[in-house]
Structures are given as structure tokens and as C-alpha cells.
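A.B. asks: Let me give you the structure first, and then I'll get to my questions.
The values are calculated or read from the model by the stated rules, or taken from the named source; none is laboratory data. Everything quoted here is computed from the prediction, not taken from an experiment. No Cβ is skipped: glycine too gets one built from the backbone with ideal geometry, and neighbour counts run over all protein chains shown. Heads up: the accessible areas ignore ligands, DNA and RNA and are worked out on the full protein's heavy atoms, side chains in. Shrake-Rupley method; radii C 1.70, N 1.55, O 1.52, S 1.80 Å.
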Amino acid sequence: LIPVKSALAPACYRSAVPRRIEPYRIKVVEPIPFPDAGARRRALEAADWNVFRIPADLVTIDLLTDSGVTAMSAHQWGSLFDGDEAYAGSQSFQRFERVVRDLTGLPHVIPTHQGRAAERLLFEALVTRGDVVPGNTHFDTTRANIEYFGARAVDLPCAEAADRALEAPFKGNADVAALERVLASGDRVPLVVMTCTNNSCGGQPVSLANLRAVRALCDRHGALLFIDAARFAENAWFIREREPGQGDRSPRNIARDLFSLADGCLMSAKKDGLVNIGGFVALRSADLAERVKRSMVLGEGFPTYGGLAGRDLEAMATGLQEVLDPAYLADRIGRVRALGDRLHAAGVPTVRPPGGHAIYVDARAFAPHLDPLDYPGQSLVCELYLHAGVRCVEVGQLMNGRPGPDGVEAPVAQDLVRLAIPRRVYTTSQLAYVADAVIELYEARERLRPLEIVDQPHALRHFSAKLRPRASVDDGARDAARAGAGGGGL
Ligand code: F0G
């Protein structure tokens, strides 16, 4: 074995495990499709330039999301057979409850079918019209659920998050001074939500120090603190790597510290639960747990199965244990970082440093010849599919913009494209293929064309909007882009 010097390797294995190999072997395989260039073009046109509308069997590498697309372990598949399908109080629930209690220290554990169901139940119990719910940055469904109950969702990311190129360790943190202003404003703030890692800010982690500062503010102002724990294990690994004094601690102990600061957590287990479906709410307060359980029977079902089968609870319990394995986390964070560093070295503008679950490309810097209202992020998403059959997602004008009363849109703050990496699914060579494809496209970036929307729904338009390439682009801007693009071709 080659001795490992990399700081990426867990300390206990540092001299025993070879670098850069997956800490698992493959037991079951699934063929991936290779539609040719003509088939990809026909698929994109039939999908009206919206990759959500492309059938998955026409996608070679699918980086649309890291949610619910995990490869389960042999142990998880085995534990499905232990599923106890009793309607109430099943053994699978009891095991799941033990695992979540042990992980979080939170006594009241309520399963849900996925993260947004947990959000809806919690906010229904805690939030009333006119409230304000601040956080480091709410995920879209969290924001939508807060707004559904008539409250205002306020994002307070730290100042470093705005500088995409800045190499800072905890760009997922909340802006503590801004949070204090919101808490002191006189508005009712029933809870603060800290999303770990911060998906909407590039999958960047939150430090224990920041969480402690937020906790102290919540105590002073009588607000509860909740953690959106969808990627808690990735966050714990970053704390281990980057926060002073944490380097020799296990991810499990760090995760425990994280949860010990909270009054409860919301979990989409489709990420760091390593399962294809599932979620939960865990709470410190028995009274709040009672209220959640009472209302959940209407939508999610009885509180010991929460919209899931007993076997799903088994797989989730096993996944929540596996995800804290240092060898798994070192590989996971290391392979996302390797993809990000390779793109960065080739000059592709990305959010730095690489996040835990995804690489975010800055589409405006990638295609400066396009205006924000040309949907540069969506244009990049479409060209990457045409070039290599790689599917990813726009997080920018298409997702966050909306026409004003006059039908005209204002540009949103940024246009990013997210390459989300499913857990334990793609090999190193498949991710190298993705890197090659993005770099080739960057070298021919003048090829990205302006798009326009031809049809869109009222809300969440990125899922179903129809687009098409716009006929012409401003010639001056295009010439400038050509001059800077350095040629190349696909
Ligand atoms: N919170 C965070 C931070 C998320 O990233 C997500 C989902 C949710 C909550 C909602 O969980 O999907 O189980 O209902 N994120 C997915 C994504 C969809 O692609 O980032 P869910």
C-alpha cells in the first residue's frame, strides 16, 4: 500500500490506505445510455430546451441533483428484508428512532417521506402570518413552506459568500450582526434555520463557532434554533478539516456537537441519509413533537411510519450510520474537490472553494457575451447536454427570476450552474469525463447562445418552462466574447 500523506485521509488510516481509490467495490452495475449527438439534439428540442423535460434514459451522466440518487450499500439492501411493516410502532421505527436519537441527541423523532414534508409540518406548528424566519440561506422548498404559512423567509449569508472566487473555509456561515438586527427588530421570530451545508451558497459549510454565535443570539431573543441537516455529515467533515482544534475528532462527535446546539432538525435523508426516499424531524420539545404528530396524520400518516414503508426506515437507519464513516467522507469530499480543482486549474470560473456535494460554475463569467436575460446558465446547461450528454441544473435567472407586472424581468443576483454529484454512483473516470466536457465547452464558449422563454408557469418555472434559442445576439458583445474566448472547437 502507498502511504497517504494527504490531509484528506482520516487520521486513523493515514499510513495504511492508498490515496485516491474508492473505499468500496462495485457489486451491482447498471448500464448508462450513450445517445449520439443527433439523439441529444432531438431530445433537447423535444424538451423545449429544458433538461428537466428530458427522459433519464437519454442522459449519459446525470448531475441534476445529489438528492435521492444515492447508491445504497449491500448492508442497506440487506436491511430492507428486516423491514417490519406494522402500521404502528414497528421494530423498524424503533431501530430508526434509536439511530437518530444516538446521532442527534434529540429525543423526539418523527419520520417523513422527504425533507419538504418535514418543513411543512414544522412550520405549520411554529409559524404564523407576519412572522420572520431568518437563516444562513433557505433552500427553495424551505422558503416556499415558510411563505406558505404567511411568514417572511430572510436569507442572511455571511459577507464572504458574495465573493465567488474567495477561498474561505466557512462561506456557508450566517451573518451574525445581520441576524442580531433581525432578532432585535421587533418582528416575531419563532425560529432561525441554519442550513448545513449551505446548498444555495455553493454547498459551503457552516462552522461550529458560527452555530454557537447563532445559538447565543437565539437564547438572548427567545427564538428556537433549527438545523436543516440534509448534508450534516459533509458539513461535519469540513469542520474536521478546517476548524481549529477539530482535526482529530470523529465526524460523529462533530455532528453530535452540531446537533447539541439546536432545538431540533429538519432532514432530507435523500442526501446524507444515503437513501432514495425519506426524511425526518427531530425535536427537543415534547410539546412541539405532540403538535407535529397530531397534524401529520392528515398528510404523512401515523407518526411511526411518516409516509414511508418499514423497509425505508431500515435503509435510512443504516445510511445514517454509514455516512459518518471517515473513509467514505474523505472519498466523497475529495472527489468533489478534485473535480472543482481541475475545472479551476483550466480557468473555468467556479464558486470557490469546491462545495461538499456540487461544483457551481459561474455562467455569467463563463459566457460574458450573454446578457443575464439571455439565460446564460440555462444556455450552458443545454450546451453541456448537447456536447456530452451530461445533465446539470441552472440556479439563476430561470430558477429565481420572474416577470414584473409589465412582463419584463429584472436580472437576478447571479447565474450559476450546479454540477451535483450523486453519492457512491459515478467512478473517478466518469467524473473525469465530466471535467473534460466542461473544459472543452469552456474553450468553445462563444458557442453558448441566448435563450428566450416561450411558455412558463406561475411559480417554480425552471421545472417546466419552455425555451428556445433567440434568433440574434448583439454583434458587438459577441465579437468581444470571441476575442476573449481563445478559439477552440468541440
Ligand atoms: N433542504 C435542503 C438544504 C435541500 O437541499 C433540499 C433538497 C431540501 C431541504 C428538501 O428536501 O427534496 O427531500 O424534500 N434539495 C434537492 C436539491 C432537491 O437538488 O438540492 P426534499
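A.B. asks: At least 3 residues that are more than 16 Å from the ligand (Cβ to nearest atom) in each: list the strands (runs of 3 or more DSSP E) lying fully within the stretch 377-464 that qualify. Break it down into steps so the answer makes sense when it comes.
C.D. replies: Numbers: elements: 393-395, 416-420, 451-455.
Per the criteria, 451-455.
A.B. asks: Only one of these is in contact (Cβ under 8 Å) with a residue 12 or more places away in the chain, of a type in the set (D, E, K, R) and in contact with a helix residue (DSSP H, G or I) (Cβ under 6 Å, 6 or more places away or on another chain): 160, 180, 167. Name it. Before the answer, list the steps.
C.D. replies: Numbers: 160 fails: in contact with a helix residue (DSSP H, G or I) (Cβ under 6 Å, 6 or more places away or on another chain); 167 fails: in contact with a helix residue (DSSP H, G or I) (Cβ under 6 Å, 6 or more places away or on another chain).
Only one candidate passes the filter, namely 180.
A.B. asks: For the stretch 245-252, check the following and say yes or no: at least one residue is open to solvent by 10 Å² or more (accessible area, probe 1.4 Å), away from the ligand (no atom under 16 Å from the Cβ), under 18 Å from residue 126 (Cβ atoms) and over 21 Å from the mean Cα position of the chain (by Cα). Spell out how you get there, then give the answer.
C.D. replies: First, pick out the residues of the stretch 245-252 that are open to solvent by 10 Å² or more (accessible area, probe 1.4 Å): 245-250, 252.
In the following step, the residues that additionally are away from the ligand (no atom under 16 Å from the Cβ) were identified as 245-250, 252.
In the following step, the residues that additionally are under 18 Å from residue 126 (Cβ atoms) were identified as none.
Scanning the stretch 245-252 turns up no residue that is open to solvent by 10 Å² or more (accessible area, probe 1.4 Å), away from the ligand (no atom under 16 Å from the Cβ), under 18 Å from residue 126 (Cβ atoms) and over 21 Å from the mean Cα position of the chain (by Cα).
A.B. asks: Please verify whether residue 185 is within 15 Å of the ligand (Cβ to nearest atom) and either in a helix (DSSP H, G or I) or hydroxyl-bearing (Ser, Thr, Tyr) (or both), treating the condition exactly as stated. It would help to see each step written out before you state the result.
C.D. replies: Values: within 15 Å of the ligand (Cβ to nearest atom): no; either in a helix (DSSP H, G or I) or hydroxyl-bearing (Ser, Thr, Tyr) (or both): yes.
Answer is no for this residue.
A.B. asks: Here is a further query. Which residues, counting only those in the stretch 253-287, are more than 13 Å from the ligand (Cβ to nearest atom), open to solvent by 20 Å² or more (accessible area, probe 1.4 Å) and not hydrophobic (A, V, I, L, M, F, W, C)?
C.D. replies: Result: 253, 256, 257, 260, 263, 284, 285, 287.
A.B. asks: Could I ask something else about it? Any idea which of (1) touching a Gly at 6+ places or on another chain (Cβ under 6 Å); (2) assigned to a helix (DSSP H, G or I) is the one residue 273 doesn't satisfy?
C.D. replies: Of everything listed in (1) touching a Gly at 6+ places or on another chain (Cβ under 6 Å); (2) assigned to a helix (DSSP H, G or I), residue 273 misses just condition (2).
A.B. asks: OK, next. With respect to the numbered conditions (1) away from the ligand (no atom under 16 Å from the Cβ); (2) open to solvent by 20 Å² or more (accessible area, probe 1.4 Å), which one is the sole condition not fulfilled by residue 217?
C.D. replies: Among (1) away from the ligand (no atom under 16 Å from the Cβ); (2) open to solvent by 20 Å² or more (accessible area, probe 1.4 Å), the lone unmet condition for residue 217 is (2).
A.B. asks: Same structure, new question: Starting from the stretch 458-472, keep only residues that are of a type in the set (Gly, Ala, Ser), then list their pairs with residues that are modelled with pLDDT under 95 whose Cβ atoms are within a distance under 6 Å, requiring at least 6 positions of separation or different chains.
C.D. replies: Partner pairs satisfying both residue conditions: 464/457; 465/456.
A.B. asks: Among the candidates 198, 173, which residue alone is open to solvent by less than 10 Å² (accessible area, probe 1.4 Å), within 16 Å of the ligand (Cβ to nearest atom) and among the polar types (S, T, N, Q)? Break it down into steps so the answer makes sense when it comes.
C.D. replies: Details: 173 fails: open to solvent by less than 10 Å² (accessible area, probe 1.4 Å).
Sole residue among the options that is open to solvent by less than 10 Å² (accessible area, probe 1.4 Å), within 16 Å of the ligand (Cβ to nearest atom) and among the polar types (S, T, N, Q): 198.
A.B. asks: So, one more: Of the residues 398, 343, 384, which single one is under 30 Å from residue 254 (Cβ atoms), open to solvent by less than 10 Å² (accessible area, probe 1.4 Å), among the hydrophobic types (A, V, I, L, M, F, W, C) and within 21 Å of the chain's Cα centre (by Cα)?
C.D. replies: Details: 398 fails: under 30 Å from residue 254 (Cβ atoms); 384 fails: under 30 Å from residue 254 (Cβ atoms).
Checking each option against the conditions leaves just 343.
A.B. asks: If you don't mind, there's one more thing I want to ask. Among the numbered conditions (1) within 16 Å of the ligand (Cβ to nearest atom); (2) within 28 Å of residue 297 (Cα to Cα), tell me where residue 93 comes up short.
C.D. replies: Status for residue 93: all satisfied but (1).
A.B. asks: Also, quick follow-up: Please verify whether residue 364 is modelled with pLDDT of 95 or more, open to solvent by 10 Å² or more (accessible area, probe 1.4 Å) and either part of a loop (DSSP other than H, G, I, E, B) or of a type in the set (S, T, N, Q) (or both), treating the condition exactly as stated. Even if it seems obvious, please write down each step before you answer.
C.D. replies: On the way: modelled with pLDDT of 95 or more: yes; open to solvent by 10 Å² or more (accessible area, probe 1.4 Å): yes; either part of a loop (DSSP other than H, G, I, E, B) or of a type in the set (S, T, N, Q) (or both): no.
For residue 364, the condition - modelled with pLDDT of 95 or more, open to solvent by 10 Å² or more (accessible area, probe 1.4 Å) and either part of a loop (DSSP other than H, G, I, E, B) or of a type in the set (S, T, N, Q) (or both) - is not met.
A.B. asks: Return the pair list, or none, for Cβ contacts closer than 7 Å from residues in the stretch 58-70 that are open to solvent by less than 40 Å² (accessible area, probe 1.4 Å) to residues that are away from the ligand (no atom under 15 Å from the Cβ) and among the basic types (Lys, Arg), at least 6 apart or on different chains.
C.D. replies: Here the result reads 70/424, each pair linking the stretch 58-70 to a residue that is away from the ligand (no atom under 15 Å from the Cβ) and among the basic types (Lys, Arg).
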